[in-house]
Structures are given as C-alpha cells and as structure tokens.
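Asks: For reference, the structure I am asking about is given below.
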Amino acid sequence: MTVRDALNSAIDEEMSADSKVYLMGEEVGEYQGAYKISKGLLQKFGPDRVLDTPITEAGFTGIGVGSAFYGLKPIVEFMTFNFAMQAIDHIINSAAKTNYMSAGQISVPIVFRGPNGAAAGVAAQHSQCFAAWYGSCPGLKVLSPYSAEDARGLLKAAIRDPDPVVFLENEILYGEAFPVSAEVLDPSFVLPIGKAKIEREGTDVTVTAFSKMVGYALKAAEILEKEGINVEVINLRSIRPLDRATINQSVRKTNRLVTVEEGWPQHGIGAEICTSVVEESFDYLDAPVERITGADVPMPYAANLERMAVPQIEDIVRAVKRACSRSARGK
Amino acid sequence: MNDFMGRKVSYSSQMCFIPEESTNSVPCYRLLSTHGDLLDPSSINELDKELCIEMYRKMVTLQVMDTIFYDAQRQGRISFYVTTIGEEAINIGSAAALNATDVVFSQYREPGVLMWRGFTLQQFANQCYGNEYDLGKGRQMPVHYGSNELNYLTVSSPIATQVPQAVGAAYGLKMDKKDACAVTYFGDGGTSEGDFHAGMNFAAVLGAPVLFICRNNGWAISTPTSEQFRSDGVAIKGQAYGVRSIRVDGNDALAVYFAVKNARKMAVEEFRPILIEALTYRVGHHSTSDDSSKYRSVDEIEYWRTRRDPVARLRMFLQSNRWWDDENEDLLRQDLRTQMMSVLHNAESKKKPGLSNLFEDVYDVIPQNLKEQEQETQAIVGKYPKDYPSDVPLD
C-alpha cells in the first residue's frame, strides 16, 4: 500500500466512523487534493464534510480551531507546512494553549496535516522542516510517519485524540509502497502516540530517524552490515511526546548514538535526543553522539546544491563509522 | 453574454471610479436621544419595562464593578485590569438580545455579556485574583474570564483571532441544525487584522450564522480610528464581503438591543452572517498599563464620560417614564459597593490553586514526563520551603 493510499483510507474510515470529523484545506475537494491524498472524499462525503477553502491559511486554520472549540473534529490540510507559518498563531496560541488556558473547559480535537520538509527542487520556501518548532510546544502532539503502516495507524490515532496534533508527512514518501498486514488494513487499526518503533534491531550503534530519513538509515544499515557493523534503527514516529525510554534503552544496549534528520541543526530533534541520552544514559556512552542534519542554509534550488544540503545515505554511513571509531573525525 | 462567473455585469462606456468616500455616511440607528428621550414616542409600546430596568441594573453593576476593580489594581491588590467604562450599553444591550445557547467569542472588553448570563461578581473577582475558586485555575491574567456553562469562551489575548474561530463554531452550529448562532466581539483596531478579513469572507461563503459585533470606540490603545482605517468606519466593509450590516449608536442600549435581536433572527433563520458596528467611546484607559492622557486630551475624555455616558442616558429614559427614581439609584449603588467590598475581601483571602494545577490540562491526559516533573517539584518545594511562596499548596 502506498503512503498516499494509507492516508486516504485512514481519513475515509475515520470520517465514516464519526460524523464530527471533517476535512478542509486548499484544493482538497474538487481537485482531489494537491497531492491527491483526499481523492474521492468529496464525492463520498459531500461538500459539508470536505471543504475547499479560500486562500487564507490564517483564516481556515482559525475557523478549524473555532469549530473544534465547538465540538467538531477538523482535519486541516496545509498544502505544505511552509504555508502553515501564516497560520502559526492559530496553531500555537489558539490550539496548543487553549485547553491549559481555559483550565480544561475548552478542548481542541484538531489535526493539522500536510507535507513537511524537503521535497525535490522546491527550494527555500517549500522545503523547511518544522518538526523542531512544533516539537517544542507544550499542548501539541507532533507525529511524523514513515511507512504506510505508520501513516494509517498514526493518522487514525491523531484524528481520535482530544488534543491538537501536528501531523508531518513527506511528499516524496506519498508514492512509496510498503507491505501491510491484514491487521493494518483493519478499520480499527491504530498506533499509540508517543511510542517509537525499532525498525531494525542491532547491537553496535543506535540510529534515530523519522520520516524519509528512516528509509535512508535502513539503507545505511544494510551497507554497514557488510562491514560488520550491526545497526539498530529507531523510527521515532512521535516527535512530541518523544519516546525517550525506547531511545535510552537502545543506547544502553549499543553504547553509541547517531541522530539523523533533514532539518536544520541548531535546536533540532537530534539536539534534544542527544541531551536526553546525556541526561539519562551518560555512563553508557562509549563515544560522543553524532548528529546528522540538513545544512544550515535555506534550501537551494539547483539539484547538485540541494543534494549537498540534505543528508545522504553516505553521510549516515560515515557518521556510524565515526561513532564506532572506525575512521578519523571530520571528513 | 452579460455574465462573468455567475454574476451579471453591467457594461458602460462612462469611465467611472467608485469614490473612496461616499457623499452619505452610513446612517446610524438610534432610539433614544442623548438625553434619553424616545425619538419615536409610540415605540414605548414595544418596550418591556422589566427588561429595561434589568438592563439598567446590570449596566450600573458593570460600571461599579469596573470602578472598584480598577481601584484595586491601583492599590496593588490585583496585578492588571481592563475596564469597559463607556461601553456598558453595547455589553448589556447585546447580551440581553441573545439566547443563552448562543456561543460568545469575545475580545476582552465584554465582561457585561458574561455578567448578563449569570457570572457572579465573586466569580469575576476569583479570576482576577487567580485563587483556587477561579474557573480558570489561575492560568490567565485578570479579565481573561470564560465559562463553558454560560457559553462564553475563555478570553484569549491575540487580537481578532476569535473572529474566524466564531465562524468555525457557527459552521458547527449550522451542521448540527441548532437554533443558535455564534457571536463575536472586537474593536475598531481588530478590523485591521487579517483574521477579520478571513472571518468575514468565510462567513459569507459558508453561510455561517454568526454576528460580528464591532465596538468602534475610537481608540486602539493610542491609535485613533483616523489612523486605523480610511473607510467610513466598519459597517461599510460588510457589503464588500457580501455581509449584511448595520451601524448603531453603541451608547443607546435600546438601539443596541433591537439591532442585535433582529440581526440574530436573520443569522439563525437565513444562515447568514451579520455585521453590527456600534459607535461608542472608550472612556477608560486601554488597560491599567496605559495612561491615555498621554495621547488624547483630558477634555475629550471628560466630555464623553460626563455628557455621553450610556448608563446615565438609559437612566434618564427610565426616570422620565417613572420606571426608576433616585432612591432606587442610591440603594442600588450602595448595595453594589458593599457587595464588591465583600467580594474582593473574599477573593483575596482564598488560597491560590495547588501545585498540580501547573501541570494539568496541558493535554487531555497528563503525560508521564509532566507527572515526573510534578513529583520532582513537590519534593524540592517540600525540602526548601523557605525558597518558595508560602501560599502555594503542594497538592
């Protein structure tokens, strides 16, 4: 099943099961979705439940939040999370903080979803990763799926959750197909929020990643296997809450950690994971934590420059080797 | 074909620019003269005496509550306050015209709406003191009230964010086929925010049953309306969005009442938004953090406070009909002062919310990391009590 179909089926099933769930965003209806994630939904559920909005992220996000205050369960689609910056006041000040500020009187069962991070050739204003920004806010839950199973289970969990959830997808992964079991295809399938998944068990080094980088980490692990390094790959699935227990348990087993993300380095996800491990498992570390991130620049357009600005499989392989003291630090 | 995307176009070879200003300003609806005389004496038959008296009593209550809370802030008893002085007619007149099930999305200068619905003086005080009886559990600054029970959403500071939110709620009411509308209040300054534009536009496109009530009080902190917009106020903007609108004398409680009553009927029965611009004046400072004499003349403030007071205006109407007299007035004001003193004293003497309130409600269910942080904090405060305020219960 492709990630696209996984997301589509998750939204379809949750809308069928609960009449309060509805979808809104630019091009989600008649156009079938900018990335076809909402294909067929307007035809099935009608214009009352699949709303094509005017171009105002601030506007439709505010309206979505207001309807959630009232008791509906909106799914707000951003064509990309880059555009959600125009709505970020509503996401943080209207959604994330309201249950707390109202002392539990107003809950906000809303899902904000859309593509996050780099795609291909879309440059600076369409390639930013927002995991670190949203991940730092109390009141939000932040999820990022990798596989079709992740996409189905986590999106269903997000829609059912009474708290506001930021759901960071990846445009490149939409078309990627993954094997799925019958259990995953069942409408009742759901994944827990806040639990990471060990995608590949290993003994020598822990590599954490989320979204597209999970695939890269798995490929790096295959390469490293041939050189006798046994890598454990953790698919974070949940940025907030971060599954510190699983990460620390893994590092206590392998004694080495490499964090991988496409976003910018300063104040990134790797920085938080590194600190968590230093705070809780310092004595178990046999080497300094290695952090692989995107370059500290706005994303360039030219294909060669873009390739240099995001982590590649080779970067992960080299980082693991450094952590395993197999080569000198640096290049 | 004379149409373009579903609308009729009337072509003309006269080049005609729509003027930036109309020769006629949007008319302003009023029922009472500034001296409280009914402009149409026969309309007395449409008025409910008990309702008019109750509206007046609540306007006085609001005025007295504001005066005493403002003084309390000046004395250092509460940290911050925002008065509604001069806008009592908008608050109470509109509140009286709504149903209890209409959902209210306010800015922060509409406590009278909450008061009308039954929020007590004690509850207002508890919120301002952030004590353990505060419905808001000490989470917010003073005047950020809210009550689920009274359908008044907790006040949130960012300007105009409540406008599209109200439209969203109205959409929900429409989908649920409820006999209710959403009501949102904002000031003249709020209409400059992008959210106002998006909210108005969406409400019209979605056919949302929502009332947009603009308190045009002339000032947005120190920015006068002449610097806020160049349009003929706010009501004129309605038609640009396809929203029916009216301008009303915001200091005439009866006019506000009837305008809102009619607007509500249209919103609910016809599934449409209505824009109401209520002209008024912000007699008080923006908040206790402001001294408005720095940017406007004291004479201007005094003129509106003494000669255009909406409370006095309604009183003159009531008294001229012998529905109210000086004795009623004195008794009411004395009683209110006594109540307020007791209410303040009560609120002040209560404990603050316990420590657990720091960590609850961030999420629906408290996550493990916050439970751990709470335990750590309890342990530290228990171990070093002298380093922490003595009035924070550890539970």
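The values are calculated or read from the model by the stated rules, or taken from the named source; none is laboratory data. This is a predicted model, so every value here is computed, not measured. Quick reminder, even Gly has a Cβ in these numbers, built from the backbone with ideal geometry, and neighbours come from all protein chains shown. Remember, those area values only see protein heavy atoms, side chains included, never the ligands or the DNA or RNA. Shrake-Rupley method; radii C 1.70, N 1.55, O 1.52, S 1.80 Å.
Asks: How high is the relative contact order of region B:46-180, given as a whole-number percent (alpha carbon pairs under 8 Å, six or more residues apart)?
Replies: Value for region B:46-180: 22 percent.
Asks: So, R0 is 22 Å and r is the distance between the beta-carbons of B:Gln368 and A:Phe282; what FRET efficiency does that work out to, to 0.05? Numbers along the way, then the final one.
Replies: Numbers: r = 21 Å, r/R0 = 0.96.
Efficiency for this residue pair is about 0.55.
Asks: Can you tell me which of B:Asp37, B:Asp290, B:Asp299 moves the most in a GNM of chain B? Springs connect C-alpha atoms under 10 Å apart.
Replies: B:Asp299
Asks: Continuing with the same structure: Name the residue, out of B:Thr223, B:Thr338, B:Thr191, whose mean-square fluctuation peaks in a Gaussian network model built on chain B with Cα pairs under 10 Å.
Replies: Of the options given, B:Thr338 has the highest mean-square fluctuation.
Asks: Lysines within cross-link reach of B:Lys49: Cα-Cα under 16 Å, excluding same-chain residues under 8 positions apart?
Replies: Reachable lysines: B:Lys58.
Asks: Heads up, I need the accessible area for B:Arg109: 1.4 angstrom probe, whole protein in place, Å², nearest 10.
Replies: Solvent-accessible area, nearest 10 Å²: 10 Å².
Asks: On a straight-distance basis, which lysines could pair with A:Lys44 in a cross-link, Cα separation under 28 angstrom, same-chain partners fewer than 8 positions away excluded?
Replies: A:Lys20, A:Lys36, A:Lys73, A:Lys156, B:Lys174, B:Lys177, B:Lys178
Asks: Going by average Cβ density within 10 Å per residue, which order do the peptides A:40-50, B:13-23, B:231-241, A:86-96 take, highest to lowest? Could you put the intermediate results ahead of the total?
Replies: Values: A:40-50: 15.6, B:13-23: 6.5, B:231-241: 19.0, A:86-96: 22.3.
Ranking, from highest mean packing down: A:86-96, B:231-241, A:40-50, B:13-23.
Asks: I've got another one for you. Rounded to whole Hz and in sequence order, give me ³J(HN,Hα) for region A:19-27 from the Karplus expression 6.51 cos²θ - 1.76 cosθ + 1.60, θ = phi - 60°, writing x for Gly and Pro.
Replies: Taking θ as phi minus 60°, the curve returns 5, 7, 7, 8, 10, 9, x, 6, 6 Hz for region A:19-27.
Asks: So what's Rg/Rh here for region A:101-204, counting alpha carbon atoms and using the Kirkwood radius for Rh?
Replies: When Rh is taken as the Kirkwood radius, the ratio is 1.01.
Asks: For a label point 7 angstrom out from the Cα of A:Asp52 toward its Cβ, which stretches of region B:1-23 have the backbone nitrogen within less than 20 Å?
Replies: Within reach of a label on A:Asp52, which here means backbone N under 20 Å from a point 7 Å along Cα→Cβ, region B:1-23 contributes B:4-8.
Asks: Additional query: Using a/c under 1.5 as the rounded threshold, could you call chain B rounded, prolate or oblate? The axes a ≥ b ≥ c are square roots of the C-alpha gyration tensor eigenvalues, and prolate needs a/b larger than b/c, oblate otherwise. Spell out each step's value before the answer.
Replies: Numbers: a/c = 1.92, a/b = 1.34, b/c = 1.43.
Oblate, since a/c reaches 1.5 and b/c is not below a/b.
Asks: Another question, then. Counting protein heavy atoms only and a 1.4 angstrom probe, how many square angstrom of accessible surface do chains B and A bury in total, to the nearest 100? Let's see the in-between values first.
Replies: Details: alone 20440 and 14190 Å², together 31550 Å².
By this definition, chains B and A bury close to 3100 Å².
Asks: Starting from the Cα-Cα distance between B:Lys386 and B:Arg74, subtract it from 0.36 nm times their residue separation and give me the gain in nm to one decimal.
Replies: Details: separation 312, 0.36 × 312 = 112.32 nm, distance 2.91 nm.
Answer, rounded to one decimal: 109.4 nm.
Asks: Which FRET efficiency value, to the nearest 0.05, is calculated for B:Ser10 and B:Leu39 with the Förster distance at 35 angstrom and r the Cβ-Cβ distance?
Replies: Details: r = 38 Å, r/R0 = 1.09.
Given R0 = 35 Å and the Cβ-Cβ separation, E is 0.40.
Asks: Sort largest first and round to whole Å: the equivalent ellipsoid semi-axes of region A:8-75, each the square root of five times a Cα gyration tensor eigenvalue. Could you put the intermediate results ahead of the total?
Replies: Numbers: eigenvalues 62, 50, 15 Å².
Working from the Cα gyration tensor, I get semi-axes of 18, 16, 9 Å.
Asks: With a Förster radius of 60 Å, plug the Cβ-Cβ distance of A:Ala182 and B:Asn99 into 1/(1 + (r/R0)^6) and report the FRET value to the nearest 0.05. Show your work: numbers first, answer last.
Replies: Numbers: r = 51 Å, r/R0 = 0.85.
Efficiency at R0 = 60 Å is approximately 0.75.
Asks: Compute a Gaussian network model of chain B, connecting alpha carbons closer than 10 Å, and tell me which residue from B:Asp326, B:Asp179, B:Asp71 fluctuates the most.
Replies: Judging by the Gaussian network model, the answer is B:Asp326.
Asks: If we count every other residue with Cβ under 15 angstrom of A:Ile239's Cβ, Lys/Arg +1 and Asp/Glu -1, where does the sum land? Intermediate results must be reported in sequence, preceding the final value.
Replies: Numbers: positive: A:Arg113, A:Lys141, A:Lys195, A:Lys197, A:Lys212, A:Arg237, A:Arg240, A:Arg244; negative: A:Asp150, A:Asp161, A:Asp163, A:Glu169, A:Asp243, A:Glu261, A:Glu262, A:Glu272.
Combined, the nearby Lys, Arg, Asp and Glu give 0.
Asks: Another one. Counting other Cβ atoms within 10 Å, which trypsin sites (Lys or Arg not before Pro) in region B:348-395 have at most 14 and lie in a DSSP loop?
Replies: Working: sites: B:Lys350, B:Lys351, B:Lys371, B:Lys383, B:Lys386; in loops: B:Lys350, B:Lys351.
In loop regions of region B:348-395 (DSSP not H, G, I, E or B), the sparsely surrounded trypsin sites (Lys or Arg not before Pro) are B:Lys351.
Asks: Now for a different question. Per residue, how much accessible area does the protein assembly as shown show when a 1.4 Å probe rolls over the protein heavy atoms, in square angstrom?
Replies: Working: 31550 Å² over 726 residues.
Accessible surface, normalised per residue, equals 43 Å².
Asks: Oh, and also: With the full set of protein chains in place, find how many percent of the accessible area of the protein assembly as shown is carbon and sulfur; take the probe as 1.4 Å.
Replies: Working: 16270 of 31550 Å².
Carbon-and-sulfur percentage of accessible area, whole number: 52.
Asks: Hey, another quick one. Would you work out if region B:50-173 is rounded, prolate or oblate? Take a ≥ b ≥ c from the square roots of the eigenvalues of the alpha-carbon gyration tensor; rounded if a/c is under 1.5, else prolate when a/b is larger than b/c, oblate otherwise. Intermediate values should be presented prior to the final figure.
Replies: On the way: a/c = 1.73, a/b = 1.16, b/c = 1.49.
Since a/c reaches 1.5 but b/c is at least a/b, the shape of region B:50-173 is classed as oblate.
Asks: How are the C-alpha pair distances of the protein assembly as shown spread across 20 Å bins, as whole percents from the shortest bin up?
Replies: With 20 Å bins starting at 0, P(r) equals 16, 42, 31, 11, 1.
Asks: Residue by residue through region A:179-184, what is 3J(HN,Hα) from phi via Karplus (6.51 cos²θ - 1.76 cosθ + 1.60, θ = phi - 60°)? Round to whole Hz and write x for glycine and proline.
Replies: Per-residue couplings from phi come out as x, 10, 7, 4, 4, 5 Hz.
Asks: Follow-up question, since we're still on this one. Other chains near A:266-274: what is the mean number of their Cβ atoms within 10 Å of each residue's Cβ? Numbers along the way, then the final one.
Replies: Details: counts 0, 0, 0, 0, 0, 0, 0, 0, 0.
Shielding by partners across A:266-274 averages 0.
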